[in-house]
Amino acid sequence: MSIYLEKKEKCCGCKACQDICSFNAISFNCDDEGFWYPNIDENKCVECKLCEKICPQLIKIEEKKPLEIYAARNINEQIINQSSSGGIFTALATTIINEKKGHVYCVEYDNNMVAKYKCVDKIEDLNSCRGSKYVQADAKEIYKNILEDLKNGIFVMFIGTPCQAAAVREITKNNEEKILIVDFICHGVPSPKLFKEYIDYMQKKNRSKIVKYNNRSKIEGWKHLEELTFENGKVDYTSSFSQAWRNIFYSHNCLRPSCYECRYNHYEKRRADITIADYWGIDNFHKDFSNDAGNSLVVIYTKKGEEWFKKMSKQILYISSEIEYCIFRQPHFRGESAVSLNRDEFWVDYKRKGVDFIIKKYGKCTLKLRTKKFIKRKLGRI
């Protein structure tokens, strides 16, 4: 029997309920869009309600204002070029590992280009976790592993979506001094099933396995350019097909239903110690500081966040900023959720005609989209 959901928008797919259940009563199954939802075994459930108490879709959100706001970037240009924005994740994670011998929970693509969480305790293993992953990552068993680390006295850093960060906050309430929780400004999470089919499509089209997928290549500077590296040596970032996933993502048609009603899309509704993101629009406010290779926004919410920002400060350059500046190009940080006007049509097309049709219809950079980007660039918003 399925756990009762009023509608799919009420589940963000964090899987915290599955990990927290001591009776193994909760499992997850994928729907036809490729998003996982909970099922409950009535024979195992004792109705303790613990799953409801830690659910990021049900918990009470206490609004809080940021303590500090910064524009920042890593002092290492190579790290910036390997990162989506300014390399702040690497600076934080490196500090945690060096100073605390801590464990960092972050996301990488595995050998099959599936986004999964991993636990990192060596600096050299952070490389695969740099950069954005524009697909929902499976967090199964991560919460259990975090609790086990905390029980064993290991300091933990977790980075994930705002809803995942909220779940981690609830689960680790009794060990808050031993964990640093970091989230990022999230546009919404696309379907893992659809992304896998896109990967398969590109591998078939190029007759070679994809060995590296970079959602935010810096080969042409700091912007959104996808880069695919194939086993046969081919690197593609110029074909229209190589940018199809980016265009599908920004159409907002492929996002999880809960993302259209996000509870954490405002800067006063975060549960993390620190929020990081691209500092889009920085040239409008901090032009002298801006770096063409990438700039990060860092928003501090707790004293612990302040403490760890100071500890990593030798690895970064930074200046103070203002909330009005950083929300200028971040609608998902000022209370706006993703909007899709033709999501139903998108999924009907997918179910009837498959991923090939979706890529060609929704993955192309149309004249309308190119015009919109051109206008934004002229206005200094890209």
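The values are calculated or read from the model by the stated rules, or taken from the named source; none is laboratory data. Remember, it's a predicted structure, so these values are computed and weren't measured experimentally. A quick note on method: Cβ atoms are made from the backbone with ideal geometry, for glycine too, and the neighbour counts reach across all protein chains shown.
Assess whether residue 124 counts as being without any contact (Cβ under 8 Å) to a residue 40 or more places away in the chain and more than 18 Å from residue 14 (Cβ to Cβ). Against the criterion (without any contact (Cβ under 8 Å) to a residue 40 or more places away in the chain and more than 18 Å from residue 14 (Cβ to Cβ)), residue 124 qualifies. Listed here are the strands (runs of 3 or more DSSP E) enclosed by the stretch 243-362 that have at least 1 residues being touching a Leu at 6+ places or on another chain (Cβ under 8 Å) and crowded, with 16+ Cβ neighbours inside 10 Å: 274-278, 296-300.
Among the criteria (1) touching a residue at least 40 places away in the same chain (Cβ under 8 Å); (2) surrounded by 21 or more Cβ atoms within 10 Å (Cβ to Cβ), the one residue 193 does not fulfil is (2).
Of everything listed in (1) touching a Leu at 6+ places or on another chain (Cβ under 6 Å); (2) in contact (Cβ under 8 Å) with a residue 40 or more places away in the chain, the single unmet condition for residue 214 is (1).
Within the stretch 126-156, being acidic (Asp, Glu) and touching a strand residue (DSSP E or B) at 6+ places or on another chain (Cβ under 8 Å) holds for 138, 149.
Across the stretch 22-45, the number of residues qualifying as surrounded by fewer than 21 Cβ atoms within 10 Å (Cβ to Cβ) and in a loop (DSSP other than H, G, I, E, B) comes to 12.
One residue stands out among those in the stretch 256-270 that are within 15 Å of the chain's Cα centre (by Cα) and basic (Lys, Arg): the one that is farthest from residue 35 (Cα to Cα), which is 270. Scanning the stretch 185-236 for residues that are more than 15 Å from residue 363 (Cβ to Cβ), of a type in the set (Asp, Glu) and not in a strand (DSSP E or B) returns 220, 231. Out of curiosity, is residue 118 without any contact (Cβ under 8 Å) to a residue 40 or more places away in the chain, of a type in the set (Lys, Arg) and not assigned by TED's automatic domain parsing to the domain that holds residue 13? Answer is yes for this residue.
Restrict the check to the stretch 335-343 and report whether at least one residue is closer than 23 Å to residue 271 by Cα and hydrophobic (A, V, I, L, M, F, W, C). Yes: one or more hits. When residue 44 is tested against (1) out of contact with any Asp or Glu (no Cβ under 9 Å at 6 or more places or on another chain); (2) within 16 Å of residue 258 (Cβ to Cβ), only condition (2) is not met. Please state which one of 97, 79, 146 is part of a helix (DSSP H, G or I), at pLDDT 95 or above and under 19 Å from residue 212 (Cα atoms). Selected residue: 79, the only one of 97, 79, 146 that is part of a helix (DSSP H, G or I), at pLDDT 95 or above and under 19 Å from residue 212 (Cα atoms). The test for being more than 23 Å from the chain's Cα centre (by Cα) and modelled with pLDDT of 95 or more holds for residue 352. Taking the stretch 221-273 as the range and being in contact with a Ser or Thr (Cβ under 9 Å, 6 or more places away or on another chain), under 30 Å from residue 156 (Cα atoms) and small (Gly, Ala, Ser) as the test, only 272 passes.
Set side by side, the residues 181, 171 differ, and just one is aliphatic (A, V, I, L, M) and touching a Leu at 6+ places or on another chain (Cβ under 9 Å), which is 171. Beta carbons closer than 6 Å, at least 6 apart along the sequence or on distinct chains, pair a first residue in the stretch 29-44 that is closer than 17 Å to residue 57 by Cβ with a second that is β-branched (Val, Ile, Thr) for 38/3; 38/26; 40/3; 40/26. With respect to (1) under 30 Å from residue 225 (Cβ atoms); (2) among the charged types (D, E, K, R); (3) touching a strand residue (DSSP E or B) at 6+ places or on another chain (Cβ under 8 Å), the lone exception for residue 41 is condition (1).
Restricted to the stretch 113-144, and to residues there that are of a type in the set (Lys, Arg), under 27 Å from residue 20 (Cα atoms) and under 15 Å from the mean Cα position of the chain (by Cα), the residue that is surrounded by the most Cβ atoms within 10 Å (Cβ to Cβ) is 133. Does the stretch 116-130 contain any residue that is of a type in the set (Gly, Ala, Ser) and in a strand (DSSP E or B)? Scanning the stretch 116-130 turns up no residue that is of a type in the set (Gly, Ala, Ser) and in a strand (DSSP E or B).
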